[in-house]
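Report on the structure given below.
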Amino acid sequence: MRLLQEPPPPGNRMTLPAMTTPHVVLGLETSCDETAAAVVRRGPDGAVEVLSSVIASQIAAHAPFGGVVPEIAARAHVESIDVIAAEAMREAGLGFDQLTGVAATAGPGLVGGVMVGLSFGKAIALARGLPLVAVNHLEGHAVSARLAGEVAYPFLLLLVSGGHCQLLAVEGVGACRRLGSTLDDAAGEAFDKIAKTLGLPYPGGPALEALAEGGDATRFQLPRMLLGRKDCDFSFSGLKTAAARLAETLSTEAERRDLAAAVQTAIATQLAERSDRAMIAYAAQHLGLGLRFVVAGGVAANRAVRATLQATARARGFSFTAPPLAYCTDNAAMIALAGAERLALGMFDPLDAPARPRWPLDAAAADANPIHVPGRKGAKA
Ligand code: KG4
Ligand code: ZN
């Protein structure tokens with residue numbers, strides 16, 4: 001066991017000498033409605049092995065309310081985090097003394113839940129003398145495609161989840177530049193809200209995808225938001241309103257199927273159009289560096305979205321990578337890997353690292369253009 005020599009000072013991130021041995025990291029994720037723990041090994045050559053990934057979903061607890069209730073989520077995390085972490089260690093077949101670090105989501109997210117996982121991670125780090133990495137949940141999504149295979153830096157990332165919809169140039173570990181963001185809802189939020197108007201259960205994205213199967217996407221005309229705009233921003237509010245109006249007029253199951261298919265196509269098309277714009281800008285800034293496009297986040301689990309983005313990437317000469325389905329939605333393996341990548345660079349955090357409800361990946365862009373005002377669109381916006 002390696003002991004920290006001195007108590008870490010508050011404030012800035014700290015650095016350890018970079019190591020050439022593998023990192024074996026316990027990751028903890030509690031920022032929304034999944035309590036998750038995972039153990040990931042990352043070799044000095046960057047090879048990644050997921051030794052365990054355990055996820056306890058709270059969907060059943062939130063379903064009666066049609067969305068995540070922060071207080072219920074925080075309490076459920078408290079009740080299960082120790083059991084889930086112990087299960088992840090058991091599945092990995094490791095003792096705590098075989099870990100080289102602990103990584104916990106420190107934000108952005110529902111702060112009550114974030115505090116549970118972060119505090120638990122700090123306790124393990126303190127008790128076992130391990131370095132703690134306070135991971136940005138979005139950085140976790142950003143590295144999630146690397147859980148299944150090498151994706152070299154830099155790459156263009158479309159991050160599409162329930163709380164986020166952004167295009168980012170990811171230049172390296174912790175080095176992101178935002179190219180575009182949503183003006184209103186996140187793509188997953190749009191899926192969830194439109195699914196609700198179609199009478200589908202929470203979470204709406206997967207339910208809407210299932211309903212859309214075999215539907216005729218051309219039967220209903222939906223607005224194509226921001227079409228032709230030169231920037232890389234997104235907007236889903238017009239689509240949401242139009243879909244809600246149409247949903248009220250439907251009488252048959254076939255019509256519901258067709259509207260679900262039209263909505264799915266409209267969202268996929270907008271994501272692809274905005275990504276196409278970003279690809280043009282990114283390619284001009286990354287001459288000779290290889291053109292890689294990665295999609296991550298819960299909405300990346302949608303097959304129509306993946307297929308549309310893949311075709312767009314191919315047409316622009318970009319490689320296309322999406323995480324395996326299990327690593328699209330929230331999980332702790334991506335948090336463990338984000339932590340391991342930082343540890344490999346000798347970076348870790350003090351034990352008083354704060355839980356942060358809002359934590360943009362590109363702080364400069366978010367401050368210059370605060371499309372999302374904290375608290376207005378929910379804790380993760
Ligand atoms: O990444 P995630 O698990 O949590 C956040 O960080 O937000 O993403 C959850 C979101 C939800 O809005 C959910 O409806 C959406 O991802 N989602 C999907 C699918 N699976 C999950 N949306 C469309 N199609 C899917 N198959
Ligand atoms: Zn997420």
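Do we have any residue at all in the stretch 85-94 that's of a type in the set (Asp, Glu), modelled with pLDDT of 95 or more and within 16 Å of ligand 2 (Cβ to nearest atom)? No, because not a single residue in the stretch 85-94 is of a type in the set (Asp, Glu), modelled with pLDDT of 95 or more and within 16 Å of ligand 2 (Cβ to nearest atom). From the list Ala56, Ala61, Ala47, Ala36, the lone residue that is within 14 Å of ligand 2 (Cβ to nearest atom) and among the hydrophobic types (A, V, I, L, M, F, W, C) is Ala36. Only residues that are assigned to a loop (DSSP other than H, G, I, E, B) and either in contact with a Cys (Cβ under 8 Å, 6 or more places away or on another chain) or modelled with pLDDT of 90 or more (or both) were counted across the stretch 345-377, and they come to 15.
So is Gly290 surrounded by fewer than 16 Cβ atoms within 10 Å (Cβ to Cβ), touching a residue at least 12 places away in the same chain (Cβ under 8 Å) and not hydroxyl-bearing (Ser, Thr, Tyr) or not? Working first, answer last.
Working: surrounded by fewer than 16 Cβ atoms within 10 Å (Cβ to Cβ): yes; touching a residue at least 12 places away in the same chain (Cβ under 8 Å): yes; not hydroxyl-bearing (Ser, Thr, Tyr): yes.
So Gly290 fits the description; yes.
Figure legend. Inter-residue proximity from the stretch 31-47: first residues free of Cβ contacts under 8 Å to residues at least 12 places away in the same chain, second residues within 16 Å of ligand 1 (Cβ to nearest atom) and not polar (S, T, N, Q), beta-carbon distance below 6 Å, spacing 6+ or different chains. No pairs are indicated. Remark: pairs (first residue in the stretch 73-97, within 9 Å of Ala37 (Cβ to Cβ) and open to solvent by less than 90 Å² (accessible area, probe 1.4 Å); second residue assigned to a helix (DSSP H, G or I) and not polar (S, T, N, Q); Cβ separation under 6 Å; 6+ apart in sequence or on different chains) = Ile81/Val116; Ile81/Phe120. For beta carbons closer than 6 Å, sequence separation of 6+ or different chains, a first residue in the stretch 315-334 that is within 22 Å of Val114 (Cβ to Cβ) and touching a residue at least 24 places away in the same chain (Cβ under 8 Å) and a second that is open to solvent by 50 Å² or more (accessible area, probe 1.4 Å) and within 13 Å of ligand 2 (Cβ to nearest atom), the qualifying pairs are Asn331/Ile55. Pairs linking a residue in the stretch 207-225 that is hydroxyl-bearing (Ser, Thr, Tyr) to a residue that is within 15 Å of ligand 1 (Cβ to nearest atom) and open to solvent by 50 Å² or more (accessible area, probe 1.4 Å), with Cβ atoms under 9 Å and 6 or more positions apart or on different chains, are Thr218/Thr265.
Among the residues of the stretch 271-288, is there at least one that is assigned to a helix (DSSP H, G or I), within 15 Å of ligand 1 (Cβ to nearest atom) and farther than 15 Å from Ala212 by Cα? So that I can check it myself, show each step before the final result.
Kept after step one, since they are assigned to a helix (DSSP H, G or I), are these residues of the stretch 271-288: 271-285.
Cutting the leftovers down to within 15 Å of ligand 1 (Cβ to nearest atom) gives us 271-272.
Going one step further and asking which of them are farther than 15 Å from Ala212 by Cα, we end up with 271-272.
Looking for residues that are assigned to a helix (DSSP H, G or I), within 15 Å of ligand 1 (Cβ to nearest atom) and farther than 15 Å from Ala212 by Cα, one finds at least one in the stretch 271-288, hence yes.
The values are calculated or read from the model by the stated rules, or taken from the named source; none is laboratory data. Here the structure is a predicted model, which means the values were calculated and not measured. Don't worry about glycine lacking a Cβ; one is built from the backbone with ideal geometry, like all the others, and counts go over all protein chains shown. Side chains included, ligands, DNA and RNA excluded: accessible areas come from the protein's heavy atoms. Shrake-Rupley method; radii C 1.70, N 1.55, O 1.52, S 1.80 Å.
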